[in-house]
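S.K.: Please see the structure below; I have some questions.
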Protein chains: 4
Amino acid sequence: MEHRNATAAVIGAGDYIGAAIAKRFAVEGFTVFAGRRNGEKLAPLVADVEASGGRIFARSLDARKEADITAFLKEGDQQAPLEVCIFNIGANVNFPLLETTERVFRKVWEMACYSGFLTGREAARLMLPHGQGCLFFTGATASVRGGVGYAAFASAKFGLRAVAQSIARELGPKNIHVAHLIIDAGVDTAWVRDRIKEREGKGALNNLAPDRLMSPGAVAEAYWQLYRQPRDAWTFEQEIRPFAEKW
Amino acid sequence: MEHRNATAAVIGAGDYIGAAIAKRFAVEGFTVFAGRRNGEKLAPLVADVEASGGRIFARSLDARKEADITAFLKEGDQQAPLEVCIFNIGANVNFPLLETTERVFRKVWEMACYSGFLTGREAARLMLPHGQGCLFFTGATASVRGGVGYAAFASAKFGLRAVAQSIARELGPKNIHVAHLIIDAGVDTAWVRDRIKEREGKGALNNLAPDRLMSPGAVAEAYWQLYRQPRDAWTFEQEIRPFAEKW
Amino acid sequence: MEHRNATAAVIGAGDYIGAAIAKRFAVEGFTVFAGRRNGEKLAPLVADVEASGGRIFARSLDARKEADITAFLKEGDQQAPLEVCIFNIGANVNFPLLETTERVFRKVWEMACYSGFLTGREAARLMLPHGQGCLFFTGATASVRGGVGYAAFASAKFGLRAVAQSIARELGPKNIHVAHLIIDAGVDTAWVRDRIKEREGKGALNNLAPDRLMSPGAVAEAYWQLYRQPRDAWTFEQEIRPFAEKW
Amino acid sequence: MEHRNATAAVIGAGDYIGAAIAKRFAVEGFTVFAGRRNGEKLAPLVADVEASGGRIFARSLDARKEADITAFLKEGDQQAPLEVCIFNIGANVNFPLLETTERVFRKVWEMACYSGFLTGREAARLMLPHGQGCLFFTGATASVRGGVGYAAFASAKFGLRAVAQSIARELGPKNIHVAHLIIDAGVDTAWVRDRIKEREGKGALNNLAPDRLMSPGAVAEAYWQLYRQPRDAWTFEQEIRPFAEKW
């Protein structure tokens, strides 16, 4: 592996998509800065990346705290110039309207939207002096559709999409590539498999058609392709879903 | 004027659109509940409505406080069953990304999105037992477009649109008509006239083409027409703009 | 009934929506020009309108023929200035891709899109010298969604929507109100009732919940409200659906 | 170069985007079938591809003729299984509404939409028995926006997008990857450079900022990346534009 003098930060480095993104950029020689609420949970990811010769730093991070975001990204930028920053915090909840408490509504927004704004702004602050950078945001079906029970989650995801659009229009001409990747399907996680078992019975998991669920690695690959786009043909938004998904 | 046994609540009863909506429903015989931050500023509206035989109650209201919203709507519903609730709080600001403070981002969201969620939920709680109701939200160009400098405002307006969609899908089948009216143009207010003077010079205001700006009354009329739609042909979303507007 | 010196033309004056629109504008005093392929089928509509004191002219019309459209609208404009023109031709078909013949694809386009372009252009040609006019197009779910089996129909409806948008942007500033009304549900017609019987059994029709289907009159009412909009708050697009419809 | 046993067909193999796509897939070892109205104009492309060891067949093709499309694709499929088919015919024209003749409207549709439908259907017919395939369509800004003067072009491009959507929903589950690539900017062609010279003067071309225009090669690269997507994360739609483009 050839190392680059560049940092890729992943905010929301969960066990699935976030970890896959971290590995994808590490394997390309980036110094990876991975942040999540409980940084200790990053130990397996760190072990993996380091075993294959990659560089990674794991940090505990409350992305709802401006000072945390600022410090995290600044530290990353000090290791090597911050070239890529991917915001990947989700907060998928579903409640009937009358049972959606103000606390849930606010918390989901803080996690999935407000943190994304802080991340985008602080990453931009570091990238602009470098004259380049990639700022990517993970979207979902709920980024473009307010379904039943999703008042809180869709509101946050719609809001994040607006943040991404606004930054893209302002900073594209300054050579910052902003993109919003809409994941329009269930990703293959323990949580999604549990939902399938609940809805369709235990057998469903054994008979799961190949590629019915999106693998975290495929999401990471989509981000990698966005990173590699030449600047005369940048994508702001694209959606991905498995081949057999209904939409 | 024939009075109805029905309340129309306007949250965000500012001097222009909000006041026009209040008058439009008052003139149709509704008991109007008008709320804004500083309720004393509602005195001219109250005088107007009462002079023409209408019923109106003016209240100070911080729509970002759950208890305020709940109390306001409950009081309205006690006067007469809450049939119409219109959320009309705006918070239009424009800042370059790096100058958008976390305080601005949060405050704009609290005013334009979070308050809208509280309003929708609490109005629904009162309307559902009545078996009917209309819940309308004022949108803007920024509800569907994240333009340069609008990270905060567009994020809040996108978020409000998601809330409206989600409630519409959940409560439509329960006979609550939810609509999102996108105002895709400048409304004729002192603030907009000042912006035109700034950009185009003093003369521009004198030469303002008739109907170039949307009158607050026309917005109120659009809401009235939404109210009157038969339930076999409800609109969730429509946009309005003056005839000569570029879009 | 007070007569106006104004013509409302309905192209695609079928037994349901088209007829309802014709009646709605007739009852407001418009001279109605109603065209459909087989003009003889308009006899009951003519009888209805005339019985209630309205003015109506029924014509056979192949809307895919430029000369027919031109002659029809010109004749209408000679009776009284053409103020309203509503294009209402549908061509809803569903075929698996491989069974969609080129003949079907072309014919559906000619009926639902090409005819709409001719109608829009020829109506505009007459309205522009009058300095005003309303040009409305009936859309459908398929105007914004290309579902399975709808390659032909959705392609034509998407295409019609583009025509409407383009004309709206060009002629709005010239005081021509162009609107595109998306009917996002089944309308109460014999054909739709047959589909329900097929899918859900005979009993379904007897137990049809009130307002589950959209009445043609409600569509006509939506057009009437569009007509009445003040020009400082015109709607280009709105969708309508029954309260209990899933979307 | 390692040859694959697979054909990539390009319908609308013009001098810029089409040629770049042909080269991109040839260099990856595909047998390329390139079709355009006047097949003789493909001589330089053929020479280029063959010089670098690629395989290419050039054919004259009127894509508006069902028999031509069928024969072209079948011949390609006989050389090697048809795996990729890219429809790339444009027909960008701009006329004021009243000057848009029915001949122009029909011809633009036949070139940009009807041909695309024939291509999609006939390619699918060949790919389905192979159990796989990629069917890509070139879109434009006018695929999602009906601007002034674009009644004909936008109508055709909207229509093509509907075709692509409908096929994607039907054939995705059958392992056919359908995508619609929206080119939201001017591509670097002689025609676009002439327009810039006209609008901005001769000097503008010399001072053209690097990457202001999208290179045909970047479009081809976007298609290549779509081809390479794993089937658990397919994109249906994405847009591309140069970094400094306003949108």
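The values are calculated or read from the model by the stated rules, or taken from the named source; none is laboratory data. Keep in mind it's a predicted model, so treat the numbers as computed, not measured. Neighbour counts run over all protein chains shown; Cβ positions are idealised from the backbone, glycine included. Please note that ligands, DNA and RNA were not included when accessible areas were found on the heavy atoms of the full protein model with its side chains. Shrake-Rupley method; radii C 1.70, N 1.55, O 1.52, S 1.80 Å.
S.K.: Could you identify the single residue in C:110, C:83, C:66 that is closer than 28 Å to residue D:96 by Cβ and out of contact with any helix residue (DSSP H, G or I) (no Cβ under 8 Å at 6 or more places or on another chain)?
M.R.: Values: C:83 fails: out of contact with any helix residue (DSSP H, G or I) (no Cβ under 8 Å at 6 or more places or on another chain); C:66 fails: out of contact with any helix residue (DSSP H, G or I) (no Cβ under 8 Å at 6 or more places or on another chain).
It is C:110.
S.K.: For segment A:11-44, enumerate the residues that are out of contact with any helix residue (DSSP H, G or I) (no Cβ under 6 Å at 6 or more places or on another chain), within 23 Å of residue A:66 (Cα to Cα) and of a type outside the set (Gly, Ala, Ser).
M.R.: Selection gives A:36, A:37, A:38, A:40, A:41, A:42.
S.K.: Here's something else I'd like to know. I'd like to check something: does segment A:165-173 contain any residue that is within 20 Å of the chain's Cα centre (by Cα), polar (S, T, N, Q) and open to solvent by less than 10 Å² (accessible area, probe 1.4 Å)?
M.R.: yes
S.K.: Only one of these conditions is not met by residue C:146: (1) in contact with a helix residue (DSSP H, G or I) (Cβ under 6 Å, 6 or more places away or on another chain); (2) open to solvent by 10 Å² or more (accessible area, probe 1.4 Å). Which number is it?
M.R.: Among (1) in contact with a helix residue (DSSP H, G or I) (Cβ under 6 Å, 6 or more places away or on another chain); (2) open to solvent by 10 Å² or more (accessible area, probe 1.4 Å), the lone unmet condition for residue C:146 is (2).
S.K.: Among the residues of segment B:205-241 satisfying the criterion of being among the aliphatic types (A, V, I, L, M) and in contact with a helix residue (DSSP H, G or I) (Cβ under 7 Å, 6 or more places away or on another chain), which is farthest from residue B:45 (Cα to Cα)? Show your work before the answer.
M.R.: Taking segment B:205-241 as the starting set, the residues that turn out to be among the aliphatic types (A, V, I, L, M) are B:205, B:208-209, B:213-214, B:218-220, B:222, B:226, B:233, B:240.
Filter once more, keeping what is in contact with a helix residue (DSSP H, G or I) (Cβ under 7 Å, 6 or more places away or on another chain): B:205, B:213, B:219-220, B:233, B:240.
Working: B:205: 26, B:213: 22, B:219: 17, B:220: 14, B:233: 33, B:240: 25 Å.
Filtering segment B:205-241 for residues that are among the aliphatic types (A, V, I, L, M) and in contact with a helix residue (DSSP H, G or I) (Cβ under 7 Å, 6 or more places away or on another chain), the one farthest from residue B:45 (Cα to Cα) comes out as B:233.
S.K.: Here's a follow-up. Could you check segment B:72-87 and list, in sequence order, the residues that are part of a helix (DSSP H, G or I) and touching a residue at least 60 places away in the same chain (Cβ under 8 Å)? Reasoning before the result, please.
M.R.: Taking segment B:72-87 and keeping what is part of a helix (DSSP H, G or I), we get B:72-79.
B:72, B:73, B:76, B:77, B:79, listed by residue number.
S.K.: Looking at (1) surrounded by fewer than 24 Cβ atoms within 10 Å (Cβ to Cβ); (2) under 24 Å from residue B:242 (Cα atoms); (3) not charged (D, E, K, R), which is the only condition residue C:213 fails?
M.R.: Unmet for residue C:213, out of (1) surrounded by fewer than 24 Cβ atoms within 10 Å (Cβ to Cβ); (2) under 24 Å from residue B:242 (Cα atoms); (3) not charged (D, E, K, R): (2).
S.K.: Examine segment C:88-104 for a residue that is assigned to a helix (DSSP H, G or I), under 19 Å from residue C:12 (Cβ atoms), touching a residue at least 40 places away in the same chain (Cβ under 8 Å) and more than 12 Å from the chain's Cα centre (by Cα), and state whether such a residue exists.
M.R.: yes
S.K.: Which members of segment D:87-138 meet the condition of being surrounded by fewer than 24 Cβ atoms within 10 Å (Cβ to Cβ) and of a type in the set (Gly, Ala, Ser)?
M.R.: D:90, D:91, D:124, D:131, D:133
S.K.: Looking only at segment C:216-247, how many residues end up being open to solvent by less than 60 Å² (accessible area, probe 1.4 Å), closer than 30 Å to residue B:213 by Cβ, at the interface with chain B (Cβ under 7 Å from one of its Cβ atoms) and assigned to a loop (DSSP other than H, G, I, E, B)?
M.R.: Total satisfying the criteria: 5.
S.K.: Select, from B:146, B:172, B:131, the only residue that is out of contact with any His (no Cβ under 7 Å at 6 or more places or on another chain) and within 21 Å of residue A:167 (Cβ to Cβ). Talk me through it step by step, then tell me what you get.
M.R.: Details: B:172 fails: within 21 Å of residue A:167 (Cβ to Cβ); B:131 fails: within 21 Å of residue A:167 (Cβ to Cβ).
Within the list B:146, B:172, B:131, the selection yields B:146.
S.K.: Where in segment D:107-206 are there helices (runs of 4 or more DSSP H), lying wholly inside it, with at least 1 residues that are at the interface with chain C (Cβ under 7 Å from one of its Cβ atoms) and of a type in the set (Val, Ile, Thr)? If you could, list the steps in order and put the result at the bottom.
M.R.: On the way: elements: D:115-130, D:151-171, D:190-200, D:202-206.
Here the list reads D:151-171.
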